[in-house]
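Asks: Please read through the structure below; I'll follow up with questions.
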Amino acid sequence: MATNNNFTVTGIVAVDAQVKNNGNGSVWGKFPLSIRTTVKDKDGNEKKISALQDIEVATKEGSPKLDLLKKGTLIKVTGFFSPRVYTGKDNQEHSAISWKATAIEKIEVKEETQEA
């Protein structure tokens, strides 16, 4: 069955990932990804806006994926959205959407050459 809860996004890792070892050879990481886009205001002027989105990743200990999750790295992340329910500090049930990464790849930035 096909689902529509997948994503692919490009952004810059805003802070080194928080990595926790699950004790069974797998690790869990969480990191904020800075996602930027350009929009036009009502006058037609372009404006760049950005936002941080927390991304979660589960992988094996020592995975090269973890080496990419350093502040300032430009990456492409593919994954799926996962709804979850949790109990907040107010003792109330809340729901949220987690962004779960299944693939992470570094994007190499090509420097533009100036012509005289």
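The values are calculated or read from the model by the stated rules, or taken from the named source; none is laboratory data. On a predicted model such as this, the values are computed, not experimentally measured, just so you know. Cβ coordinates were reconstructed from backbone atoms using ideal geometry, including for glycine residues, and neighbour counts include every protein chain displayed.
Asks: Among (1) over 25 Å from ASN6 (Cα atoms); (2) surrounded by 11 or more Cβ atoms within 10 Å (Cβ to Cβ); (3) among the hydroxyl-bearing types (Ser, Thr, Tyr), where does THR87 come up short?
Replies: (2)
Asks: May I pose another question? Name the single residue that is farthest from ASP16 (Cα to Cα) among those in the stretch 33-50 being of a type in the set (A, V, I, L, M, F, W, C) and under 11 Å from the mean Cα position of the chain (by Cα).
Replies: ILE35
Asks: Among the residues of the stretch 44-53, is there at least one that is in contact (Cβ under 8 Å) with a residue 12 or more places away in the chain and at positive phi?
Replies: There is no residue in the stretch 44-53 that is in contact (Cβ under 8 Å) with a residue 12 or more places away in the chain and at positive phi.
Asks: Go over the candidates LYS30, LYS60, LYS65, LYS70 one by one and state the one that is surrounded by 10 or more Cβ atoms within 10 Å (Cβ to Cβ), touching a residue at least 24 places away in the same chain (Cβ under 8 Å) and over 16 Å from the mean Cα position of the chain (by Cα).
Replies: Of LYS30, LYS60, LYS65, LYS70, the one residue that is surrounded by 10 or more Cβ atoms within 10 Å (Cβ to Cβ), touching a residue at least 24 places away in the same chain (Cβ under 8 Å) and over 16 Å from the mean Cα position of the chain (by Cα) is LYS60.
Asks: Take the residues in the stretch 47-84 that are of a type in the set (Val, Ile, Thr) and farther than 13 Å from SER34 by Cβ; name whichever of them is modelled with the lowest pLDDT.
Replies: THR59
Asks: Which number in (1) among the β-branched types (Val, Ile, Thr); (2) in contact with a Lys or Arg (Cβ under 8 Å, 6 or more places away or on another chain); (3) modelled with pLDDT of 95 or more; (4) in a strand (DSSP E or B) marks the one condition that VAL15 misses?
Replies: In the conditions (1) among the β-branched types (Val, Ile, Thr); (2) in contact with a Lys or Arg (Cβ under 8 Å, 6 or more places away or on another chain); (3) modelled with pLDDT of 95 or more; (4) in a strand (DSSP E or B), VAL15 misses (4) alone.
Asks: Further question: Hey, among the residues in the stretch 1-27 that are hydrophobic (A, V, I, L, M, F, W, C) and within 19 Å of VAL109 (Cβ to Cβ), which one's surrounded by the most Cβ atoms within 10 Å (Cβ to Cβ)?
Replies: The selected residue is VAL13.
Asks: Collect the residues in the stretch 73-84 that are loosely packed, with under 13 Cβ neighbours inside 10 Å and under 11 Å from ALA14 (Cβ atoms), keeping them in residue-number order.
Replies: Matches in the stretch 73-84: none.
Asks: If I ask for residues that are in contact with a Phe, Trp or Tyr (Cβ under 8 Å, 6 or more places away or on another chain), of a type in the set (Phe, Trp, Tyr) and over 15 Å from LEU52 (Cα atoms), which ones from the stretch 65-116 would you list?
Replies: Selection gives PHE80, PHE81.
Asks: Starting from the stretch 6-26, take each residue that is within 13 Å of ALA58 (Cβ to Cβ) and list its partners that are assigned to a strand (DSSP E or B) and among the β-branched types (Val, Ile, Thr), counting only C-beta distances under 6 angstrom and pairs at least six apart or across chains.
Replies: If the second residue must be assigned to a strand (DSSP E or B) and among the β-branched types (Val, Ile, Thr), the pairs left are VAL19/VAL27; ASN21/VAL27.
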